[in-house]
């Protein structure tokens, strides 16, 4: 199956998706049929902060039309924050969309996780992944969500994470574990690997990208059909 990705939001996250998808396919000795189109992270941030779902959905629709013309069979948005207008995009998309959020709830429940802490954009944290978690209880940091969300946006825009930014994120995660009852912290922002990869914060961290990439790999290798995913 030909996979289409909406990338660029941000570039670091796009690189992670590409690296992990190609690594999974190489391990399976399978050829990856993939097309990536470039969205603008600045547009996404402005529309996300203003909750301008229709505007961002129209941007996505144009990019999805390009993926459709390139022969993609389905498409995915390489940003959990970018899912804020998922429903609006789905209604006008020329391609089936593969959500990065709906597989998370099932994966957490399968592991027996009752409560997870979220780090990501302000909207992701405030809404508990847009209210789409049905079997797992999401918790958010107790601090200023706008400030934490802006910190994450700075990381996504710059493609780098400073030691001070990393400490702040690690501390917020620790507080969700110690006082919020979180059994694990979810990297619910696809650029958070810049902070967490290669570091041990002292608690369990789950990378949402891995769960999404696993689903995309199964689609790419025809292990699962599009009509079998939620």
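The values are calculated or read from the model by the stated rules, or taken from the named source; none is laboratory data. Quick caveat: nothing in here was measured; it's all calculated off a predicted structure. Positions of Cβ are generated from backbone atoms using ideal geometry, with glycine treated the same way; all protein chains shown enter the neighbour counts.
General observations
- Enumeration of residues in the range 113-124 that are at pLDDT below 95 and assigned to a loop (DSSP other than H, G, I, E, B): 120, 121
- The range 12-34, subset surrounded by fewer than 16 Cβ atoms within 10 Å (Cβ to Cβ) and either within 18 Å of residue 211 (Cα to Cα) or within 18 Å of the chain's Cα centre (by Cα) (or both), residue modelled with the lowest pLDDT: 15
- Answer residue from the range 194-208, given it is touching a residue at least 24 places away in the same chain (Cβ under 8 Å) and in a loop (DSSP other than H, G, I, E, B) and is surrounded by the fewest Cβ atoms within 10 Å (Cβ to Cβ) among those: 202
- Answer residue from the range 45-78, given it is in contact with a strand residue (DSSP E or B) (Cβ under 6 Å, 6 or more places away or on another chain) and assigned to a helix (DSSP H, G or I) and is surrounded by the fewest Cβ atoms within 10 Å (Cβ to Cβ) among those: 66
- Breaking point among (1) modelled with pLDDT of 95 or more; (2) within 29 Å of residue 46 (Cβ to Cβ), for residue 184: (2)
- Pairs linking a residue in the range 209-230 that is loosely packed, with under 15 Cβ neighbours inside 10 Å to a residue that is at pLDDT below 90, with Cβ atoms under 7 Å and 6 or more positions apart or on different chains, are 230/102.
- Residue, surrounded by the most Cβ atoms within 10 Å (Cβ to Cβ), within the range 84-100, restricted to residues that are within 15 Å of the chain's Cα centre (by Cα) and part of a helix (DSSP H, G or I): 84
- Pairs, first closer than 17 Å to residue 127 by Cβ in the range 82-94, second modelled with pLDDT under 95 and in a helix (DSSP H, G or I), C-beta under 6 Å, six or more apart: 82/44; 84/48; 84/123
- Test: residue in the range 158-170 that is farther than 26 Å from residue 47 by Cβ and either assigned to a loop (DSSP other than H, G, I, E, B) or in contact with a helix residue (DSSP H, G or I) (Cβ under 6 Å, 6 or more places away or on another chain) (or both): yes
- Contact map, the range 164-193: residues that are in contact (Cβ under 8 Å) with a residue 12 or more places away in the chain paired with residues that are assigned to a loop (DSSP other than H, G, I, E, B) and surrounded by fewer than 17 Cβ atoms within 10 Å (Cβ to Cβ), Cβ distance under 6 Å, separation 6+ or inter-chain. Pairs shown: 177/203; 184/204.
- Filtered by the rule that a residue be closer than 12 Å to residue 86 by Cα and either touching a residue at least 40 places away in the same chain (Cβ under 8 Å) or not assigned by TED's automatic domain parsing to the domain that holds residue 95 (or both), the range 52-67 gives a lone residue, 60.
- Within this structure, residue 191 fails the test of being part of a helix (DSSP H, G or I) and modelled with pLDDT under 95.
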